[in-house]
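Working notes for the structure below.
The values are calculated or read from the model by the stated rules, or taken from the named source; none is laboratory data. This is a predicted model, so every value here is computed, not measured. Don't worry about glycine lacking a Cβ; one is built from the backbone with ideal geometry, like all the others, and counts go over all protein chains shown. The accessibility values were calculated without ligands, DNA or RNA, using every heavy atom of the protein model including side chains. Shrake-Rupley method; radii C 1.70, N 1.55, O 1.52, S 1.80 Å.
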Amino acid sequence: LLDMLPLRLKVNKKERFVHTLRNTRTRAYSALANSGVPLETILEELRIPTSTTNTPLFQVLFNYRMGALRAPKMGDAVMSFLQYEDAKAPFDLTVSVDEKDDGSGMLTFSMQDYLYDIEGADLLVSTYINLLDSLSTDSSQRLHEVSLANKLLSDKALVAGTGEIAEFGWEKSLTLSQRVEWQAAQSPDALAVKDLSGTSRTRGEIQARASIIASALKENGVTYGSRVAVYCEATVDSIACILATHKVGGVYVPLDVRNSPERLVAVVTECNPTIILCHEATAVSVTSFAGEQARILNISDLKDASSNGDNADGQDSSAIQDLSRLSDPAFILYTSGSTGKPKGIMLSQSACSIHFASISSSLGLTESDVVLQQSALGFDASLAQMFFAAVNGAALVLGNNRGDPADMASIMEAEKV
């Protein structure tokens, strides 16, 4: 650490390593020609302030120590090098190079433990060894062609990151809405959902309601890839709106009734939905953010199917074919916007099917179970709670996590959640 020379090396990733090596050597020798200038003098000349928390100009030190490990003699006795403790340098990373008597070199990597844990240090060293092995074998390689990790390490990472193969539990070609429709066909009279008002619907009734909403969506120009924004409180219609959107190939975008008009304006402006669904409880407030050009549909005006299977227009509600595909986008969820403008995250049908199938397998949910849905509809947990129930044929009970916890506990006890 006698003469510390700041070096700036510009690397061209398309350059061959042999040229990079020569250029680096030239720059290093040029710097050594100025090694008589103390670092303090350089800092003063450049008017760079010193700090007690970080080192100026550079954070990585390459420390070349010529002859430091050569075995010294005491008379006829030769002392053998065993070990040493290096100086505690303040740099983020220090690479020390020591020459040994046999002509080989020893490299020591020293890192600040508040920046690197032992796994990070091992990864850095193994990456260096891989690069050293690869580039010494063929120095004509271009830098961007050299793999940082060796194949064995990459394969281990893939195995570690893949995890176990999850059994689907249902036909892999089915989307979420098609899986829910399949469950309804098995037991159409089984309870599907119950909300805070005490209103309940069977699986068959949910399918009929979803078909009625889907017909209205088609009449209002919703087609493949259309964004359908839903501004409704949590009711028995919540999952019907999602199923209806997917039946016509649309993308469900929840608008949280708890959010401010300003945030809702930002979401609607960004995703530009084809239509906004509301119901009686939100029909007035939807106008505060929807804009003059927005198409709004009040689902409270859509009457349920009659006993003969006809909807309000006299059409057979079962005639709505589910057009969703695994390759389609399924949901767009928006971040909280706490760090700025809300950002939309798109989730695909296939990703959601795999997710809900694998988690359902772990939870072991069956038709006899009851699932609580108490998260805000704009929050991703609400989708999990709804579809953990729906795809497994379990009953869904709606609650409200903003209410009295004692009331929530009473609902859970009464409904045997």
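Before moving on, here are some points about what is shown:
- Helix 151-162 vs. the chain, principal-axis angle (Cα, 0 to 90°, nearest 10): 30
- Scoring 268-274, 292-298, 391-397, 49-55 by mean Cβ neighbours within 10 Å over their residues and listing the highest first yields 391-397, 268-274, 292-298, 49-55.
- Rounded if a/c under 1.5, otherwise prolate or oblate - the chain, Cα gyration tensor axes: prolate
- Taking chymotrypsin sites (Phe, Trp or Tyr not before Pro) in DSSP loop conformation with at most 10 other Cβ atoms inside 10 Å as exposed sites, the chain has its longest uninterrupted site-free stretch at 115-417.
- The listed residues E99, E205, once ranked by accessible area (1.4 Å probe) with the largest placed first, stand as E205, E99.
- Distance between the C-alpha centres of the range 370-417 and the range 174-194: 18 Å, rounded to the whole angstrom.
- The range 5-40 and the range 129-159 have Cα centres separated by 24 Å.
- Here the Karplus relation 6.51 cos²θ - 1.76 cosθ + 1.60, evaluated at θ = phi - 60°, turns the backbone of the range 174-183 into coupling constants of 7, 7, 4, 5, 5, 5, 5, 5, 5, 4 Hz, with x for every Gly and Pro.
- Dipole in debye (nearest 20) - the chain, about Cα centre, beta carbon charges: Lys, Arg +1; Asp, Glu -1: 1460
- Here the extension length gained between S200 and A281 equals 27.4 nm, from 0.36 nm per residue of separation less the Cα-Cα distance.
- Other-chain or far-sequence residues with amide H under 5 Å of N298's (modelled H): C278
- Summed over qualifying helices (DSSP H, 4 residues or more, each -39500 (n - 2.57)) and divided by its residue number, the chain shows a 222 nm mean residue ellipticity of -11000 deg cm²/dmol.
- Cross-link pairs exceeding 20 Å in C-alpha to C-alpha distance, out of K194/K247; K100/K151; K172/K218; K218/K303; K194/K343, comprise K194/K247; K100/K151; K172/K218; K194/K343.
- Global geometry of the range 206-363, whether rounded, prolate or oblate, following the gyration tensor of its Cα atoms and the 1.5 cut on a/c: oblate
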